[in-house]
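Just so it is clear, none of the values below were taken in a lab; they were calculated from the coordinates. The shown structure was predicted, so the numbers you read here are calculated from the model rather than taken from an experiment. As a convention, Cβ positions derive from the backbone with ideal geometry for all residues, glycine included, and neighbour counts pool all protein chains shown.
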Amino acid sequence: MSDDVLGQLGAILDTTEMREVRAHHAAEAVRAARGYRWVGIYDVGDEEIEIIAHTGPQAPACIRCPVDEGLSGDAVRTRETVTAGTETIVPILGAETGMVIGTLDVESGEPNALDADDQRFLETCAQALMPLFE
């Protein structure tokens, strides 16, 4: 299933559509692949984490938040995937700098439903999202 989604992400990101549109379609592809409740893609700046696009039944709880707060802040600080309860946040690292330039934030509808297989899948998807940040 990962290969199908990676192919979809590649096709989505290799268009001339606006960045936000490509990010929204990419979030939809990740969400549909595993039936996640909600998927968001965020930019990470020096001081803030800000939503680019999301898909799911509701708007994100945070459109913009300080880079050093919450689960997203943990993922940025450690440069590692963070999973807690129903949510997994995967940092997207810059190819040249190794700095966190984005995050892929995924929520399940079930507590503790996100497992090691989901983590591997989401980390692969996060790598595939790099063209959004170039």
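Under unit Cβ charges (Lys, Arg +1; Asp, Glu -1), what dipole magnitude, rounded to 20 debye, does the chain have relative to its Cα centre?
Values: 9 positive and 25 negative charges, 49 e Å.
The dipole magnitude comes to about 240 debye.
If you check each cysteine of the chain for another cysteine whose beta-carbon is under 4.7 Å away, which ones come up empty?
For the chain, the answer is Cys125, because their Cβ atoms have no other cysteine Cβ under 4.7 Å.
With only alpha-carbon atoms in the gyration tensor, what are the semi-axes of the equivalent ellipsoid for the stretch 2-133, in Å, largest first?
Output for the stretch 2-133: semi-axes of 19, 18, 14 Å.
In a shell of Cβ-Cβ distance under 12 Å around Leu132, excluding Leu132 itself, what net charge do Lys and Arg (+1) and Asp and Glu (-1) give? Provide the component values of the computation, followed by the final result.
Details: positive: Arg19, Arg22; negative: Asp14, Glu17, Glu20, Asp43, Glu134.
In short, -3.
Using helices alone, I'd like the mean residue ellipticity at 222 nm for the chain: each DSSP H run of four-plus residues gives -39500 (n - 2.57), total over residue count, nearest 500.
Numbers: 4 runs with 50 residues, N = 134.
Using -39500 (n - 2.57) per qualifying helix, the result is -11500 deg cm²/dmol.
With a ≥ b ≥ c taken as the square roots of the eigenvalues of the C-alpha gyration tensor of the stretch 67-134, please select rounded if a/c is under 1.5 and otherwise prolate if a/b is larger than b/c or oblate if it is not?
Details: a/c = 2.36, a/b = 1.47, b/c = 1.60.
Oblate is the answer for the stretch 67-134, as a/c is 1.5 or above yet b/c matches or exceeds a/b.
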